[in-house]
């Protein structure tokens with residue numbers, strides 16, 4: 001089990017997530033950039049680290065210098081490693097990326113054997129893994145995933161030189177919907193955070209077992225009673241049609257709350273859904289708390305994502321309102337938003 005904690009652990013906070021996983025016995029983590037890995041190393045979190053994206057130039061050198069495992073898929077990378085090997089005694093540990101259908105990066109299956117031969121010519125290069133990426137696993141009914149798996153397993157069956165390498169393919173959706181018993185490792189990402197890895201219209205049975213681990217809370221900083229006909233926020237895209245109690249919440253697109261959600265989402269106050277009104281600004285937004293008139297005040301807790309009373313605002317709900325996917329909602333959460341581990 002090689003959890004993926006790239007993009008600040010999908011917005012959840014890489015240091016908190018990595019520390020928790022290591023405490024549970026995880027010894028291998030996957031990243032997208034060298035800086036993500038070194039960020040944790042500087043904080044004393046030392047694990048086997050794999051960069052899932054192909055690296056070039058200084059990024060490739062920095063990864064090798066810090067004993068970080070890299071992904072290889074083209075001759076340019078091999079040439080750079082060969083040039084290093086003449087003067088650098090450090091070994092390189094790498095995974096060959098095969099393009100079984102993603103068409104993003106990778107060695108073509110019919111070029112795999114030749115690429116392995118090219119790797120053999122680079123001194124100090126150790127191939128410790130072979131990987132690929134599923135393109136359509138978010139829809140279990142799409143036959144592409146099974147076809148990719150069959151191509152990948154056929155390569156493994158034919159290979160006679162990388163018998164000690166670890167072969168890995170599955171992301172969250174593949175792990176939950178395909179048989180990967182012949183593989184050596186899986187790379188769970190979004191599902192590890194309790195979020196749905198499947199397309200919104202897919203009713204997969206595993207979804208009911210997922211429990212989101214993130215909640216986003218804030219506090220009301222101002223309350224004002226406005227008469228009918230008053231515009232709210234930049235551009236006055238929302239104008240009151242009746243006497244309206246407006247509360248200000250210090251969360252905006254600078255924190256990761258997309259401007260596209262303006263007027264399309266609710267927040268929870270005292271367990272009541274309160275519609276967000278007006279344009280979401282960089283640092284603040286406004287909500288209509290008229291339903292709580294006489295009961296709401298400055299300092300009251302606001303749930304942007306999570307449960308309060310009998311109500312729940314989910315990441316998937318926000319994603320649907322913004323016409324995007326849950327991945328984008330959580331990874332957009334800015335670094336300035338403090339993360340706290342709640343046991």
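The values are calculated or read from the model by the stated rules, or taken from the named source; none is laboratory data. Predicted model, so just to flag it, every value in this text is computed and none were measured. A quick note on method: Cβ atoms are made from the backbone with ideal geometry, for glycine too, and the neighbour counts reach across all protein chains shown.
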Q. Any residue at all in region 277-295 that is on the phi > 0 side of the Ramachandran plot and loosely packed, with under 14 Cβ neighbours inside 10 Å?
A. yes
(Q) For region 315-329, check the following and say yes or no: at least one residue is in contact (Cβ under 8 Å) with a residue 40 or more places away in the chain, more than 28 Å from residue 17 (Cβ to Cβ) and either touching a strand residue (DSSP E or B) at 6+ places or on another chain (Cβ under 6 Å) or not assigned by TED's automatic domain parsing to the domain that holds residue 199 (or both). (A) no
Q: For region 20-50, enumerate the residues that are over 16 Å from the mean Cα position of the chain (by Cα) and in contact (Cβ under 8 Å) with a residue 40 or more places away in the chain.
A: 20, 28
Q: Out of the residues in region 94-111 that are buried (at least 20 other Cβ atoms within 10 Å of the Cβ) and touching a strand residue (DSSP E or B) at 6+ places or on another chain (Cβ under 7 Å), state the one that is farthest from residue 150 (Cα to Cα).
A: 94
Q: Find the helices (runs of 4 or more DSSP H) located wholly in region 62-179 whose residues include 3 or more that are under 26 Å from residue 35 (Cα atoms), and list them.
A: 75-85
Q: Go through 76, 48 for me and flag whichever is more than 23 Å from residue 120 (Cβ to Cβ), at pLDDT 95 or above and out of contact with any helix residue (DSSP H, G or I) (no Cβ under 8 Å at 6 or more places or on another chain).
A: 48
(Q) For region 217-236, check the following and say yes or no: at least one residue is more than 23 Å from the chain's Cα centre (by Cα), buried (at least 16 other Cβ atoms within 10 Å of the Cβ), touching a residue at least 40 places away in the same chain (Cβ under 8 Å) and in a loop (DSSP other than H, G, I, E, B). (A) yes
**Q.** Residue among 111, 69, 62 that alone is in contact (Cβ under 8 Å) with a residue 60 or more places away in the chain and assigned by TED's automatic domain parsing to the domain that holds residue 168
**A.** 69
Q. Of all residues in region 300-343, how many are on the phi > 0 side of the Ramachandran plot and surrounded by 13 or more Cβ atoms within 10 Å (Cβ to Cβ)?
A. 1
Q) Somewhere in region 256-269, is a residue at pLDDT 95 or above, buried (at least 17 other Cβ atoms within 10 Å of the Cβ), in a strand (DSSP E or B) and over 26 Å from the mean Cα position of the chain (by Cα)? A) yes
